[in-house]
Structure formats: C-alpha cells, structure tokens
Number of protein chains: 2
Amino acid sequence: MSTAASFSCEIVAIGSELLLGQIVDTNSSWMGEQLALAGIDSHFQTKVGDNPIRMRAAIELALARSDAVICCGGLGPTQDDITRQVIADVMGVPLVRHDDIVERIRTRFLDRGRDMPENNKRQADVPEGAVVNPAMPGTAPGLICPIGDGKVIYAVPGVPYEMEEMFTVGILPDLQRRAGVTAVIKSRTLKTWGRSESGLAETLADEIDRLDEEGGATIAFLASGWNGLKVRMTAKAASEAAADAVLAEEEARVRAIVGDDIVFGVDDESMESVVLDLCRRHGLSLATAESLTGGLIGARITEIPGCSDVFRGGVVSYASEVKFDLLGVPEGPVVSEEAVTAMALGACRVFGADCSVAVTGVAGPGPRDGVEAGTVWMASAVRGDVEAFQVQWPFDRERVRQFTTITVLAALRRRLVGLG
Amino acid sequence: MSTAASFSCEIVAIGSELLLGQIVDTNSSWMGEQLALAGIDSHFQTKVGDNPIRMRAAIELALARSDAVICCGGLGPTQDDITRQVIADVMGVPLVRHDDIVERIRTRFLDRGRDMPENNKRQADVPEGAVVNPAMPGTAPGLICPIGDGKVIYAVPGVPYEMEEMFTVGILPDLQRRAGVTAVIKSRTLKTWGRSESGLAETLADEIDRLDEEGGATIAFLASGWNGLKVRMTAKAASEAAADAVLAEEEARVRAIVGDDIVFGVDDESMESVVLDLCRRHGLSLATAESLTGGLIGARITEIPGCSDVFRGGVVSYASEVKFDLLGVPEGPVVSEEAVTAMALGACRVFGADCSVAVTGVAGPGPRDGVEAGTVWMASAVRGDVEAFQVQWPFDRERVRQFTTITVLAALRRRLVGLG
C-alpha cells in the first residue's frame, strides 16, 4: 500500500486564456490548498494551452512524476475542448459515447427550460475504461480515468463551482483511498485582527514547539489583508469525532494564548458578519459615518445577506461641510478626536441607530490640510457612549482604506462582546 | 536569426506557497499577457515549490522546450531563497558575490532609514557569467543568465511591482532582440459598457473580417465584470509613430461602429475616473444615494485620488425610514421610479451637489417586500433634472450590486457627455 508520504498528485490547468493572462488560474490554487489540507503531496502545477501535442506532453510528464493528475478545463462542448480526446490518446483507447450521459445532459438543459444543443453530445464521450465523476453540478461530466500501474487521471471543468464539487465528491475520497490515507483530516481557521503575523507567530512559538513534540494539531498562519490574519489548525485522527475533539482542544489553547480579544471569528465568519450577529443578539441597530473610506464600510456590511434587520444606513461625509451640517461636527480640524466623536454620535442620531462606527482621516497618497497620509481617527458609539482612537498607517491609499474598515469594525466588535 | 514565430519563452513560478494555494499566482498571468502583447509565444507555465531538485528539473525542462525561461520568486535573503543557486547549478557555474551589488542593496536600505541585515548580502550572489537586471526597484537584484546555444534564463522577485519593472525594463527588450522582433507592438484598450460580449463581437464581425484581409490592427475582447467589457486593439508597425497612427485610425473606426455611447474610457480610465473628470470639466459636484449597493458606489468613486474636489458625499439609505426622513422619499414602495427620483434629488439637496446618482432595489438572494431579487431602479440627477430607469438583473447578490454600480454611473456619464 502506498502511503500519503510518497503518493503525489499534480494539477494541469488547460486553456490558452490562462497562458495569455486573460484569466487568473485560481482553480489550481484552490485544489492545491485542498490537497495540502488532505495530506496529499503536490509538487508541480502546469498551465498549458488548447494544443493537443503540448497538452499531451504536459499530461504525460505529470503522469511520469506523480501518481495522480488532475486536468482542469477543456471539457466544454466546442471543437476547442479537446481534453477528453487527449486523455484517451494518453490512455491509448478510443472515446466512447455514453447514451445515458447524453440523456443526463439533456435533462440538465430541460431543467433550465432549454433544449440541448447538438454540440453538447460531445460531452458524453468518455475514454474507454474511464468512468464519469459522480458529481455533475453543471452540464459537463467530469472523468475518472484509471491508467496502468495504479495511476489515475481526473478531468474536471474549469468552471469553479463545478470543479469544486467534483473535486470534493468524486476526486478527494478516491485520492485518499489510493494514497492509503485512512485518517480523517479536518481543519478549523481562527480569524484574528490586531497583531502582526510575526507577533502572532512569536506568541504561539511555544505552543507550536509543544505540538511538534507531543503531536496533536498543526498550526499555520495566513495573512489575508483586510479579511484578517488567519490561524489554521489541522488535525488528523482516526474518526471525525476524534479530529473534532483535537480541534476543539487546540482552539481553546490558542484562544487562551493569543487572547479572545483578537480572535474575531471562525472559518466562514467575517468581521462584518460577526458584528452584525452581535448587534442582532443584543437587539442593537447599526449606522456608519465614513470619510476616507467613502462607503467601503457600508459596502462590506451590506455584502452580508440579511443585514437589513440590523444596518440602518450610513453617511459618506467626504466634504467637510457635510460633516458639519449633516453630522453636527463642530467647525475645526476634521481629522481629530472631536470630529470623529461627533460623527459617531451624528450617525446614531441621523439614522436612529443604537450603535455606529465612524472614521475620518487622510487616505493619501499625499497629505491633506497639513495632515499626513495614513493618519486616521476612528470611533465606535454604543448607546450614546463613544470610544475614539487614532492610527497612523504606513500603507498606500487602498490598504489605508481597507485596514481602516476592518479596524473600526474590530473596535465595535470588542465593545459588543463586552456587553456579554 | 530566430523569428518571433518560432521563439518562445516560458515562465516558472517558484514558491511552495503557490502550490499550497496560500498565494494565487497573478505574476505569471501578468507576464503571460505582456508576452502575448509583444508577439512572443509562451506555451507553458509551471509552478514549483522551494525544493532544489524539483526546481532544477522544472527549469531544465522549460529550457529544453523554450528559448527563454523567466523564473519568478525565490530571490529573497533567507535560506529558503534558492533560485540563485539552482540557476547556477543549471548553468554549471559557481555563484560569485558582487561587492558593488552589496553596496547597491545597502544604499537601498539606508534610503529607507534602515541598516542592511547581514543576510541580504546573499542577494548579491550572481551566477558566473550572468548579469544583474538594470532595473532594481526593491532590494532584490534580478538576474539575466545567458546559457549556451543562445538561450537565456531570467530571474525576477515575486513581489509584483519589482517583477513588473524588471520585466518591462530589463527582460522584454532583451527578449524582443533575441526573438528578432524588430517591429514596435502597441495596444490600446477601449472600455465599454452596455453591450454583451457576443453582441459586441457580432457588431464588430465585419470589421474584424476586414482587418483579417487587409491587415492593420487586431482586435480582442475581454469581459472584466464591473470594470467593463474591454476591446483591445493591437498594432504592429515599423515605428512607434506608425503603430500609434494605426491605433488612432482603428479606434476611430471601432468608435464609429459600436457607438461612442458605450465606449466610456481608454486604457487606464475607469467609469469612476471618467465621471469625475466630466464633473470637473463642467464644474459640477457629485453626491450619491444608495440602497442595495450599501456604499459600493461611493467606495468606487473614492478609490480615485483627488476625487474630493468633485465628490461631496453620499447617503446609504438601507432602512426605508432613512429614505423617507433623510432623502424625502414619499411613503410607498421603495423600489419604484418615484422613490429613486426622490433619492436622486434628495442626495443633491442634502449634500448641496449639482448632480447625483441613486439606486434602490433588491440585491437578493431572495425577494423582499414582494419585489423579485435583481429588480433595481436607478436614477441620475443633473442640475435638478432626473432621469430614471429600471433593470432586472439575472445575477447573484454580488454581481447585482457591482453591475448596478457601473450601470448607474454609466447613465450619468452619458448625460454629462451630452452637456458637450
């Protein structure tokens, strides 16, 4: 039996548009992450255009140096989509049209109220000896093609949601079986804000050393800009329940070490979703007053479906007079504690909201009214009580705006958590 | 002399974080686009981790099947950064430390008020026979490494702005010389909004046929979501002036065929920058009133440095009462022509602005108050005169919000262009 340590899988992304830079190959990155998480080595990723000779060379090379190859793209219904044929050539077998798959595709079209174009029958062509991926979220079937000496080629469409479902349902379990991975591997991501990556790594260094010696979960860091700094814990165990238990214990340890203050969410939670949930739990409504972010805070909050039961609205007070007239900011410097405090209270008043966040500052690139770029005052108001603070960002305009957005929401989150 | 048709260059992206999916490889996409634009074939792109044996295999393979190889990443100062050593191994030569480059790196650090760490001296190690890229925007030197039989390996850092400058200044001219590309290749991109890709392609089909027969520029389409649908014209000519003349003629033809109405910008212009420029030219100030977009329109406008001379501010009126109270929307359905008209006028009044855009609708995923998801009313106001229209988007929440943003700005743009 081969083991996960020696078994490897590589990815061949197919499509001239990838080489020409018209599309960025995010599919390979996604699959690479999933393979790593599942403990399957992946040493190479290749992009190749819609050319049969070069495509075949790329697949054969991948097959020579790895145990499994995932081909992504080129499964569509047009003449350009030659992945099926090239894989059949690599296998040395003919393509066989499967009538049951033709009917499956036809049904998909009918479900969407459309007739199947004649071209799409080509998608039911399968190399002899191969089977179709059990998942088929779109109209393109995926392929699982066993090769001699225990190797395998998978083919998935380039459409991300189709690729992801086929990978999860039809490829990963098969890969794990082939690799002899019998353990269950699960991971949990804690999202943090308020510490640098190196600072967090230093804080957790002893714990990581302990895990290295005693076993248990593994810990990895991933900086994701204004989506937070992620701490990903991965556990390998004999059962799902056992893996969950390891993760629960490790999460408690990490939280105890780094402090709950900076851990704002888990897995799919975002700073916005967490603030909305906290407001909802406490029956509080929310408003915003934004200067340099220009609407970015409101835009992020309203990305979350269902935010309308909490979020009432916001003012983008870009011109100083707007701050004075609409928000009741006193005349004077608009990048100041006094101004941001008045903005936070003004937002609550104008929108009849229980809490608010407010920001005023200079996004850059240059200084404005004598205030240096990157200087930002932020405030949160909760039932009339305002807390304000100042930050000096060493970043460019885009990151000043993004980091201001998550930082002011993080400040409100901490206060809402404090409400119990 | 080799010609551009047979000469090819491929890219090897280096870094385990690329395989693990922690970073998406946008560098290769960018370089792929630049190579295509310059008329240099590129048939493969490979990602490989920080492993000397596999990295060497990937580079040697690339060198065997292409005339030039660009290695991206692994030029940093740490022990993990082994690209220099691996290239020296491929060349069969030792690394030589260049004292002048050590001093150049030291100066870069001093310019930023820092001492050079000892580690960074490693970045001055150059394979014997190689030279340093003339561009060095950061602290890492790039490499140009001639190999026997007229081939070449380039090495650039993985930091995008460093890679881009080195590619443009030190690699592309060298590649074009090696490829025997003596023609000047220039391109110009027209950004459009208001037609589908297939619709635009159909409209331009005769012109593309004409170009195929008579020569001149080439035309390509690129759909870029809420950044517009791009029409890229590329011209190859004996001189820069001649290429510019071809592009100018082709731009005039394309504009005449598709209509100036839908061409909103050229090259780096965005819908936001164009609207701001038009407002500035006519001495008009701008405000926004947003419901379903939640601040996205304001956020896009304020991405543009210097927008503050035009943009006064906006209201995010997420709750219905905000529309009624702050913007003077009459009681009644808030997704309606009457409501959006009142919002547009309200925004001008509240912010003392000459023009405004306003949107109200249902972003989804589900319906709201009996209004189907994707239903959006939009309006623009110019000096008190409002024009409103309704759109029914067949998209998900994110794209409903994004497409609404560019569509309402496009409507205002058309009116401002009409002012002459």
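Relative to the other identical copies, B:VAL391 shows label-point distances of 3.2 nm, where the label point lies 7 Å from Cα along the Cβ direction and values run shortest first.
For segment A:271-418, a crude dipole built from +1 on the beta carbon of Lys and Arg and -1 on the beta carbon of Asp and Glu, taken about the Cα centre, is about 420 debye to the nearest 20. The relative contact order of chain A, computed from alpha carbon pairs under 8 Å that lie at least 6 residues apart in sequence, is 10 percent.
Of the residues B:SER198, B:PHE264, B:ALA220, the one whose Cα sits farthest toward the positive end of the charge dipole of segment B:184-266, with +1 on the Cβ of Lys and Arg and -1 on the Cβ of Asp and Glu, is B:PHE264.
In a simple Cβ point-charge model (Lys, Arg +1; Asp, Glu -1; nothing else charged), the protein assembly as shown has a dipole of about 360 debye relative to its Cα centre.
Which loop trypsin sites (Lys or Arg not before Pro) in segment A:113-166, with loop taken from DSSP, have no more than 14 other Cβ atoms within 10 angstrom of their Cβ?
A:ARG114
For segment B:186-344, the share of DSSP beta bridges that are antiparallel, to the nearest 5, is 75%. FRET efficiency for the B:GLU337 to B:ARG280 pair, using the beta carbon distance and R₀ = 25 Å, is estimated at 0.25. The residue in chain A that lies nearest, by its beta carbon, to the axis linking chain A with chain B is given here with the distance in whole angstrom as A:GLY295, 2. Need one number: % antiparallel among DSSP beta bridges in the protein assembly as shown, to the nearest 5. The antiparallel proportion sits near 65 percent. Shortest first, A:ALA252 label-point distances to identical copies amount to 7.8 nm, with the label point at 7 Å from Cα along Cα→Cβ.
Given a cut-off of 32 Å, name the pairs among A:LYS191/A:LYS323; B:LYS230/B:LYS323; A:LYS151/B:LYS230; A:LYS230/B:LYS323; A:LYS151/B:LYS151; B:LYS121/B:LYS151 whose C-alpha atoms lie farther apart than that in the structure shown.
Pairs exceeding the cut-off: A:LYS191/A:LYS323; B:LYS230/B:LYS323; A:LYS151/B:LYS230; A:LYS230/B:LYS323; A:LYS151/B:LYS151.
When both bridge partners sit in chain A, DSSP labels roughly 65% of those beta bridges antiparallel. Counted as membrane-span-like here are DSSP H helices of chain A whose alpha-carbon atoms extend 15 Å or more along the helix's own axis and whose Kyte-Doolittle mean is -0.5 or above; these are A:26-37, A:52-65, A:240-258, A:271-282, A:337-351, A:397-418. Of all lysines in the structure, the ones whose alpha carbon falls short of 18 Å from that of A:LYS47, not counting any fewer than 8 places away in one chain, are B:LYS47. Ordering A:LEU95, A:PHE44, A:ALA68 by Cα displacement along the dipole of segment A:9-179 toward the positive end leaves A:LEU95 in first place; charges were set at the Cβ atoms of Lys, Arg (+1) and Asp, Glu (-1). Among A:LEU296, B:LEU200, B:LEU20, a tally of other beta-carbon atoms within 10 Å of each Cβ gives an order, fewest to most, of B:LEU20, B:LEU200, A:LEU296.
Stretching the chain fully between B:ASP244 and B:SER6 yields a gain of 83.0 nm (0.36 nm per residue, less the alpha carbon separation). The charge dipole of chain B, taken about its Cα centre with unit charges on the Cβ atoms of Lys, Arg (+1), Asp and Glu (-1) only, comes to about 520 debye.
Bear in mind these aren't lab numbers, they're just calculated from the coordinates by the rules spelled out. Since the structure is predicted, the reported quantities are computational estimates derived from the model, not experimental observations. Note that each Cβ is placed from the backbone with ideal geometry, even for glycine, and that neighbours are counted across all protein chains shown.
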